[in-house]
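Below: one structure, written as structure tokens.
The values are calculated or read from the model by the stated rules, or taken from the named source; none is laboratory data. Remember, predicted model here, so these are calculated numbers, not experimental data. FYI the Cβ positions are ideal-geometry reconstructions off the backbone, even for glycines, and counts take in every protein chain you see.
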Amino acid sequence: MDTSSVSRFLVHFLSVLCLVSGFVSALGQNATIGFEDKRGSLLLASRESHVNIVLDARDWPGVLRAAYDVAVDFGRVTGRNGSITTKTGGYNASAVLNASMIFNVTGINKDWSVGGKKNKGDEEGTIISGTIGNSSVIDALIKKKKIDVSKILGKWEAFVSVVVENPMDGVDEALVIAGSDRRGTIYGLYDISEQIGVSPWYFFADVPPRSRDEIYALKTTKVQKSPTVKYRGIFINDEAPALTGWMNSRYPKSKYGSAFGADYYSHVFELLLRLRANYLWPAMWGSMFNADDPRSQPLADEYAIVMGTSHTEPMVRATKEWKNFGKGIWQWTENNASIYPFFVDGVTRAKPYENVVTVGMRGEHDTAMSADVQTDVLQDVVDAQQKIMNDVYGDAKKVPQMWCLYKEVQDYFEAGMHVPDHVTLLWTEDNWGNIRRLPVGNETSRSGGAGIYYHFDYVGDPRDYKWINTIQLQKTREQMYQAVKRQATEIWIVNVGDLKPYEIPISHWFDLAYDINLWDEKSAPKWLEMWASRTFDTKMTNDIAAVMDKYGSLAAMRKFELIEPNSFNVLNYEEADKILTQWTDLTKSAQAIYDKLSKDQQGAFFEMVLHPVLAGANFVDIQVSSAKNNLYANQGRNSANVLFQRVLDGMKKDHELTSRYHSLFNGKWNHMMDQTHLGYQGYWQQPMRQITPNLQWVMNLDRSLSGDMGIAVERSNASVPGDDKWHDNGGGNLNLAPMNPYTAPRWLEIYSQGTQTFSWNISADPFVKLSQKSGTIAPDGKDVRIYVDIDWSKAPSGGGKTVLNISSSTDYGTQYGMPTVTILLNNTIIPSSFTSGFAESGAGELAFEAEHYTRLVPSKSNNLTYTLLPGYGRTLSALTLSDPLAPSLTSSTAPTLEYDFYTFTRTTPLKSLNLTLILAPTLNTSPKRPLAYVVQIDEMKEQRRQYVIDQKQPKFPVGWEQAVAQSAWLNTTSWGVVEPGKHTLRVWLVEPGVVLQKVVVDLGGVVPSHNGPTESFRVG
């Protein structure tokens, strides 16, 4: 590039946006930067001296621009910007690149030196950077054997970083960064920014830079290999109302009515490069990337961003372009005469730039092209597209292309439709994080390879999820690791909605794509620690990581938009209360961290951590409180009204949290939390306004006809007084679930349903232990939950029952008689020979977490075992086959999981033992290999279950909607009569992709819940 070209680039760049870049590469990379003088490390910059970055003026525009960013990043950290020296043919050309124009406009830092000019008393360190073959400076160092680039030569996006002595005249020592191509150099430069403490999210999440007195280059050589995935990108989608509202308030609209232009995309390009990404599908709901702003595509190329278009936008044409520039209907069989030149114009316009061209065709507005699979029609479309690219480019094989097999499009492929081998097959997941299909057989030999289209955000069945982050990092890694093992590494693109709420999963996504070998199945907490260390105060790194790890588990348990009042059970297993307690504890932890952070870090922490935690906890509280309000109102409780008000307060808090978010940084993010999330009504589409769940109000008159005291017990909607049997019996009795020595404490509640204060008292057998035996409750007083436990050493042996007699100081005993609670007891101890395993709770149920097996027996015929996935799923962890490439297995060839358990209940032919495996909602990525497992209890006949059999679109496997809603497949087998005593369950996962989370044994006592019974008493 000559100096005039550089000048044109600068003028164009300034016309788009006078912005300063910010931060980082992938976490987990080898360190080349330090902050203390150790072992003769090279001082690059300090409070008193600046760094000088030396480049060739003919290098790529994106490299030159990235160097400016790094120079300013040094200023952010030390208070003194770096300088830029460019050379052409051995002569300085720094006057051409007077970058102070760019940076002083932003007001970031006025202390900017250019072309090596030193401030008084200034001493500078040197960074030399450039692209092999495009930089005379780098090429000269290679020729002189000052640097060794043999390991990256000709590679994709690789770089070498090394400290070199006497690299050029007048420079004793310099840090040299040589890139194999333009993005390799850019990533090498931004690698420095990350390490010195500037975040890639400096703009989009307001992460403040670290302050350092000195910055050193370590005496080490870093060879950064090519990324795991070639094209790594995001899809900005579902961008209304939040992002569109933000855009409209910030940027002018084009003549076509969209504010999505180069001014916005320059921020996005910068973010992607600092995250070591290279690929973008731009927003498409109401905008046209190329037409709305003609600066956008040239700017993307100057940044070195590869552009694409979505699964439904072929030949580099935005969906909205057809309405504005097309003629006739969007139907190939009826209007190809108009659509053909429309396609020609799209690729002709894109020809000067780096693009991945989408081929194929769908119907209007992201719908199926036809009601049935018409392979001949789509085949004709693709053939025409290949002819167009042959005509425009000379050879279609040289054009990166992809065919996105989204929804019904996959059916065309399965029906035998052929696209050229040089076209990348972009496989998809089910929009809920479960990959539908991966390459099988000779599909891996295609020259175009394969990739994955994934979702962090979605609009569609069974319900939208687009409010805030609900992504569990463990799940993302597990799915994308399968993709890597099955060679789907050409393209990874993830739908990120509005972009803003997904800062953490986006960063994680790109780190996986850049080098997945750095991140194993146990790495999510460690990755979060590193992310927290890079982003916030290192003293609280572990605390921040723990908060976000827990948040990921709770938010992914059931996405917020799918949580309804009865999603988590308020009666059984204390499920709703326990989940709400976890959320409450999480808010306390997050708030405590926020309070300790410096003021300059609190804004970013609120955006990425505190807001989702507080808003998520409040959302769950609203739903659970609504469920309790309805239950309590039906029971006549006065506390129903407290919960009524709690829901209203929660709605107000939701609004206040949104307003707080919008007011950050003087309203910088106004509208970014406009997405509605409360009020879904059995339909996938978002509510148009926030609406409370259904509520009931209990009217207090002068007197309650039922008296003042009410009693309720767990696992039952019944209460006393509350139904006809109260009057028929002249009193009232409720039954608590049976108990044995391995039962957790049961509970009952006493509450006010009248207008007078009353005292209550419980009399019980001496071996009954109560958390509270007496008390007083006012009409507006809190309900009292009493936990019931048994001192089994004093209780009668064998079977029996105990009765709790409850008295009141007012109505009871005079009008109705004394209410009672009856508990069946089984004081039987398991034999001493049972030393490891689980014991039945006494209510006819057992549950075990998958990782708490009694024995794991590896396969004798191969090296297969099970891999533990810590933190994966809804409750604790999960297990899966150790090799994603394993063949289909049997109970003879698969490794064995054994769970010993002891029962006291005898099942009958009419009340069979039912065994439920709770499995991740994964799908069979090999179409002819349904997900399956084999189970056996004792020596009974083995049962093999194929529980996921994918179907043609738009259908998913039977039960899919429920599975993705509850984040689990629940698959049940029946076992007939099982006698009391010791038993062994054997489980064989016989297909890769089967992920076991939990086991539930139902002897007739399991009651409804979202996550299944609490884990049973574990012997040993």
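Quick check: anything in region 204-212 more than 24 Å from TYR68 (Cβ to Cβ) and hydroxyl-bearing (Ser, Thr, Tyr)? Spell out how you get there, then give the answer.
Our first condition is that a residue be more than 24 Å from TYR68 (Cβ to Cβ); within region 204-212, this holds for none.
No, there is no match, as no residue in region 204-212 is more than 24 Å from TYR68 (Cβ to Cβ) and hydroxyl-bearing (Ser, Thr, Tyr).
Give the residues of region 616-642 that are aliphatic (A, V, I, L, M), more than 29 Å from the chain's Cα centre (by Cα) and buried (at least 22 other Cβ atoms within 10 Å of the Cβ), sorted by residue number. Write out each step before concluding.
Step one: list which residues in region 616-642 are aliphatic (A, V, I, L, M), which gives 617, 620, 622, 624, 627, 631, 633, 640, 642.
Within this subset, residues satisfying the condition of being more than 29 Å from the chain's Cα centre (by Cα) are 631, 633, 640, 642.
The one that is aliphatic (A, V, I, L, M), more than 29 Å from the chain's Cα centre (by Cα) and buried (at least 22 other Cβ atoms within 10 Å of the Cβ): ALA640.
The criterion of being surrounded by fewer than 24 Cβ atoms within 10 Å (Cβ to Cβ) and assigned to a helix (DSSP H, G or I) holds for PRO505.
Of the residues making up region 881-897, those that are touching a Phe, Trp or Tyr at 6+ places or on another chain (Cβ under 8 Å) and over 15 Å from ARG929 (Cβ atoms) are SER882, SER891, PRO895, THR896, LEU897.
Is there a residue being in a strand (DSSP E or B) and polar (S, T, N, Q) anywhere in region 836-849? No; the residues of region 836-849 include none that is in a strand (DSSP E or B) and polar (S, T, N, Q).
Could you list, in sequence order, the residues of region 843-888 that are surrounded by 17 or more Cβ atoms within 10 Å (Cβ to Cβ) and touching a helix residue (DSSP H, G or I) at 6+ places or on another chain (Cβ under 7 Å)? Once the filter is applied, which keeps residues that are surrounded by 17 or more Cβ atoms within 10 Å (Cβ to Cβ) and touching a helix residue (DSSP H, G or I) at 6+ places or on another chain (Cβ under 7 Å), region 843-888 yields LEU869, GLY871, TYR872, ARG874, PRO884. For region 36-63, the tally of residues that are surrounded by 24 or more Cβ atoms within 10 Å (Cβ to Cβ) and assigned to a strand (DSSP E or B) stands at 8.
Surrounded by 18 or more Cβ atoms within 10 Å (Cβ to Cβ) and within 16 Å of the chain's Cα centre (by Cα), is that true of LEU571? Break it down into steps so the answer makes sense when it comes.
On the way: surrounded by 18 or more Cβ atoms within 10 Å (Cβ to Cβ): yes; within 16 Å of the chain's Cα centre (by Cα): no.
No, not satisfied.
Within region 470-485, being in a loop (DSSP other than H, G, I, E, B) and farther than 15 Å from ILE563 by Cβ holds for ILE471, GLN472. Scoring SER249 on the criteria (1) touching a residue at least 40 places away in the same chain (Cβ under 8 Å); (2) out of contact with any His (no Cβ under 7 Å at 6 or more places or on another chain); (3) among the polar types (S, T, N, Q) leaves a single failure, condition (2). When region 303-317 is limited to residues that are part of a loop (DSSP other than H, G, I, E, B) and either within 17 Å of TYR406 (Cα to Cα) or charged (D, E, K, R) (or both), the one that is farthest from the chain's Cα centre (by Cα) turns out to be ARG317. The condition of being farther than 30 Å from ARG477 by Cβ, over 18 Å from the mean Cα position of the chain (by Cα) and of a type in the set (Ser, Thr, Tyr) does not hold for SER589.
Quick check on LYS253: is it under 27 Å from TRP322 (Cα atoms), out of contact with any Phe, Trp or Tyr (no Cβ under 8 Å at 6 or more places or on another chain) and not in a helix (DSSP H, G or I)? Lay out the reasoning, then the answer.
On the way: under 27 Å from TRP322 (Cα atoms): yes; out of contact with any Phe, Trp or Tyr (no Cβ under 8 Å at 6 or more places or on another chain): yes; not in a helix (DSSP H, G or I): yes.
Yes.
Among the residues of region 644-664, the one identified as among the aromatic types (Phe, Trp, Tyr) and either under 26 Å from the mean Cα position of the chain (by Cα) or outside the structural domain of ASN618 (by TED's automatic domain parsing) (or both) is TYR661. Restricting the search to region 540-572, which residues are in contact (Cβ under 8 Å) with a residue 24 or more places away in the chain and either in contact with a Gly (Cβ under 8 Å, 6 or more places away or on another chain) or small (Gly, Ala, Ser) (or both)? Selection gives ALA546, ASP549, TYR551, GLY552, SER553, LEU554, ALA555, ALA556, PHE560, SER567.
The single condition among (1) in the same structural domain as SER46 (by TED's automatic domain parsing); (2) under 28 Å from the mean Cα position of the chain (by Cα) that LEU175 does not meet is (2).
In the same structural domain as THR333 (by TED's automatic domain parsing) and either within 30 Å of the chain's Cα centre (by Cα) or of a type in the set (Ser, Thr, Tyr) (or both): which single residue out of ASP411, ASP391 fits that description? Just one listed residue meets the conditions, ASP411. With the condition kept exactly as written, say whether any residue in region 972-982 is within 21 Å of ALA894 (Cβ to Cβ) and either free of Cβ contacts under 8 Å to residues at least 40 places away in the same chain or not in a loop (DSSP other than H, G, I, E, B) (or both). Looking through region 972-982, at least one residue is within 21 Å of ALA894 (Cβ to Cβ) and either free of Cβ contacts under 8 Å to residues at least 40 places away in the same chain or not in a loop (DSSP other than H, G, I, E, B) (or both).
Mind checking whether some residue in region 659-674 is modelled with pLDDT of 95 or more, assigned to a helix (DSSP H, G or I), among the aliphatic types (A, V, I, L, M) and surrounded by fewer than 19 Cβ atoms within 10 Å (Cβ to Cβ)?
Taking region 659-674 as the starting set, the residues that turn out to be modelled with pLDDT of 95 or more are 659-674.
Restricting the remaining residues to those that are assigned to a helix (DSSP H, G or I) gives 659-667.
Narrowing the set further to residues that are among the aliphatic types (A, V, I, L, M) leaves 664.
Still in the running and surrounded by fewer than 19 Cβ atoms within 10 Å (Cβ to Cβ): 664.
Checked region 659-674: at least one residue is modelled with pLDDT of 95 or more, assigned to a helix (DSSP H, G or I), among the aliphatic types (A, V, I, L, M) and surrounded by fewer than 19 Cβ atoms within 10 Å (Cβ to Cβ).
For region 451-469, name all the residues that are assigned to a loop (DSSP other than H, G, I, E, B) and within 18 Å of ILE516 (Cβ to Cβ). Outline the logic, then answer.
To start, the set of residues in region 451-469 that are assigned to a loop (DSSP other than H, G, I, E, B) comprises 456-457, 459-464, 466-469.
If the condition is that a residue be assigned to a loop (DSSP other than H, G, I, E, B) and within 18 Å of ILE516 (Cβ to Cβ), then PHE456 is the only one that fits.
Residues of region 143-157 being under 15 Å from THR221 (Cβ atoms) and crowded, with 18+ Cβ neighbours inside 10 Å, which ones?
Here is the first cut: in region 143-157, the ones under 15 Å from THR221 (Cβ atoms) are 145-152.
Scanning region 143-157 gives LYS146, ILE147, VAL149, ILE152.
In region 869-921, which residue that is among the aliphatic types (A, V, I, L, M) and not in a strand (DSSP E or B) is farthest from ALA556 (Cα to Cα)? First the steps, then the outcome.
Start the filter on region 869-921 by keeping residues that are among the aliphatic types (A, V, I, L, M), which leaves 869, 876, 878-879, 881, 885-886, 889, 894, 897, 910, 913, 915, 917-920.
Then drop every residue that is not not in a strand (DSSP E or B), which leaves 876, 885-886, 889, 894, 910, 913, 920.
Numbers: LEU876: 13, LEU885: 27, ALA886: 28, LEU889: 30, ALA894: 30, LEU910: 37, LEU913: 31, ALA920: 12 Å.
Among those residues, the one meeting the criterion is LEU910.
For LYS117, the conditions (1) basic (Lys, Arg); (2) at pLDDT 95 or above; (3) over 21 Å from ASN30 (Cβ atoms) are fulfilled apart from (2).
Can we say GLY441 is surrounded by fewer than 17 Cβ atoms within 10 Å (Cβ to Cβ), of a type in the set (Gly, Ala, Ser) and under 26 Å from ARG349 (Cα atoms)? No, not satisfied.
Any idea which residue in region 217-250 is farthest from SER180 (Cα to Cα), counting only those that are outside any strand (DSSP E or B) and hydroxyl-bearing (Ser, Thr, Tyr)?
Of region 217-250, the ones outside any strand (DSSP E or B) are 218-221, 225-230, 237-250.
From what's left, hydroxyl-bearing (Ser, Thr, Tyr): 220-221, 226, 228, 244, 249.
On the way: THR220: 19, THR221: 16, SER226: 9, THR228: 16, THR244: 38, SER249: 41 Å.
Restricting to residues being outside any strand (DSSP E or B) and hydroxyl-bearing (Ser, Thr, Tyr), the top hit is SER249.
Tell me the residue from ASP213, ASP169 that is of a type in the set (Asp, Glu) and at pLDDT below 95, please.
Details: ASP213 fails: at pLDDT below 95.
Being of a type in the set (Asp, Glu) and at pLDDT below 95 holds for just one of ASP213, ASP169, which is ASP169.
Evaluation of ASN971 against the conditions (1) of a type in the set (S, T, N, Q); (2) surrounded by fewer than 16 Cβ atoms within 10 Å (Cβ to Cβ); (3) within 30 Å of GLN410 (Cα to Cα) shows that the sole unmet condition is (2). Condition (residue is within 16 Å of LEU985 (Cα to Cα), part of a loop (DSSP other than H, G, I, E, B) and within 27 Å of the chain's Cα centre (by Cα)) applied to region 853-867: is it met by at least one residue? No, every residue in region 853-867 fails to be within 16 Å of LEU985 (Cα to Cα), part of a loop (DSSP other than H, G, I, E, B) and within 27 Å of the chain's Cα centre (by Cα).
Considering region 320-418, the qualifying helices (runs of 4 or more DSSP H), each wholly inside and each with 3 or more residues that are surrounded by fewer than 21 Cβ atoms within 10 Å (Cβ to Cβ) and acidic (Asp, Glu), run over 375-393.
Give ALA513, ALA546 a once-over and let me know the one that is of a type in the set (A, V, I, L, M, F, W, C) and in contact with a strand residue (DSSP E or B) (Cβ under 9 Å, 6 or more places away or on another chain).
Details: ALA546 fails: in contact with a strand residue (DSSP E or B) (Cβ under 9 Å, 6 or more places away or on another chain).
Result: ALA513 is the single residue among ALA513, ALA546 that is of a type in the set (A, V, I, L, M, F, W, C) and in contact with a strand residue (DSSP E or B) (Cβ under 9 Å, 6 or more places away or on another chain).
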